[in-house]
Amino acid sequence: MESIRNSNNASIVLDVINAIHENSAYLSEIDGATGDGDHGINMNKGFLLARDRIPTDASFSEALRIVGRTLVMDIGGSMGPIYGTMFSRLSKTLKNEEEITKELFLHALESATEGLMELAGAKIGDKTLIDTLYPAKEAFKKSIEEDKNFKQCLEELAIGATSGKDNTRNLVAKIGRAARLGERSKGYLDAGATSCFIILKQMSESMQNQL
């Protein structure tokens with residue numbers, strides 16, 4: 001059975017943190033088109049703070065938990081609770097498992113998606129990170145149903161995240177500061193959808209390296 005070990009695998013999460021750090025200026029640039037222009041700054045602050053708290057020998061699920069707790073407790077704003085919920089939901093699903101299979105990871109993705117939709121009241125088409133996470137999760141789920149291996153499922157996860165993120169250019173914002181712009185928000189990428197894409201793409205790549 002194909003699986004990824006949970007123990008001593010914080011490197012997956014540390015890779016994600018580094019990806020956010022490297023793209024922080026880009027995220028703020030995107031956010032500046034329809035929002036306050038501070039999304040990258042806030043993401044970078046929260047993720048780097050979490051990085052300092054993650055032991056190098058931590059498990060994958062423990063590293064996810066630390067990121068989630070740090071974002072909720074120390075960052076706040078809108079980004080803190082949203083990404084805090086996402087990472088906490090992923091962690092809770094995986095925390096008691098020694099080996100992470102593709103089926104278990106799908107369960108974690110479904111839990112994270114449900115938690116975010118409940119928290120933010122967002123749905124597909126509202127021009128939020130849900131427009132990245134949901135199609136990524138669905139692409140991963142479809143790959144499992146087609147009996148693809150774990151690596152192929154992770155590749156499809158990244159493809160789904162990419163198409164979801166890109167599609168936010170075509171949407172009118174319904175939630176958040178960008179919603180104030182109405183139709184003028186169309187034609188721009190959503191910053192949250194873009195940061196979610198960076199997270200999922202890097203997580204996919206790092207998990208593939210563990211297979």
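The values are calculated or read from the model by the stated rules, or taken from the named source; none is laboratory data. Since the structure is predicted, the reported quantities are computational estimates derived from the model, not experimental observations. No Cβ is skipped: glycine too gets one built from the backbone with ideal geometry, and neighbour counts run over all protein chains shown. What goes into the accessible areas is simple: the full protein's heavy atoms, side chains included, and nothing from ligands, DNA or RNA. Shrake-Rupley method; radii C 1.70, N 1.55, O 1.52, S 1.80 Å.
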For residue 50, indicate whether it is modelled with pLDDT of 95 or more, within 29 Å of residue 144 (Cβ to Cβ) and buried (at least 21 other Cβ atoms within 10 Å of the Cβ). no
What residue, among those in region 8-35 that are β-branched (Val, Ile, Thr) and within 30 Å of residue 96 (Cβ to Cβ), is farthest from the chain's Cα centre (by Cα)? 12
Which residues, counting only those in region 94-152, are of a type in the set (Asp, Glu), modelled with pLDDT of 95 or more and closer than 30 Å to residue 173 by Cβ? 110, 114, 131, 138
Flagged pairs (Cβ under 7 angstrom, 6 or more apart or on separate chains; first in region 131-146, in contact (Cβ under 8 Å) with a residue 12 or more places away in the chain and part of a helix (DSSP H, G or I); second β-branched (Val, Ile, Thr) and crowded, with 23+ Cβ neighbours inside 10 Å) are 131/168
Of all residues in region 75-97, how many are open to solvent by less than 20 Å² (accessible area, probe 1.4 Å) and closer than 15 Å to residue 110 by Cα? 6
Residues to consider are 63, 58; find the one that is small (Gly, Ala, Ser), at negative phi, surrounded by fewer than 22 Cβ atoms within 10 Å (Cβ to Cβ) and at pLDDT 95 or above. 58
If I go through region 190-211 residue by residue, how many of them are among the hydrophobic types (A, V, I, L, M, F, W, C) and at pLDDT below 95? 2
For residue 188, are the conditions met, namely being among the hydroxyl-bearing types (Ser, Thr, Tyr), open to solvent by 20 Å² or more (accessible area, probe 1.4 Å) and over 14 Å from residue 86 (Cα atoms)? yes
Being of a type in the set (S, T, N, Q), at pLDDT below 95, surrounded by 16 or more Cβ atoms within 10 Å (Cβ to Cβ) and under 30 Å from residue 173 (Cα atoms) is true for just one of 42, 23. Which residue is that? 42
With respect to residue 72, is the statement that it is buried (at least 16 other Cβ atoms within 10 Å of the Cβ) and under 16 Å from residue 21 (Cα atoms) true? no
For residue 36, state whether it is in contact (Cβ under 8 Å) with a residue 12 or more places away in the chain, open to solvent by less than 20 Å² (accessible area, probe 1.4 Å), closer than 25 Å to residue 175 by Cβ and assigned to a loop (DSSP other than H, G, I, E, B). no
Of all residues in region 1-20, how many are part of a helix (DSSP H, G or I) and either open to solvent by 70 Å² or more (accessible area, probe 1.4 Å) or of a type in the set (Ser, Thr, Tyr) (or both)? 1
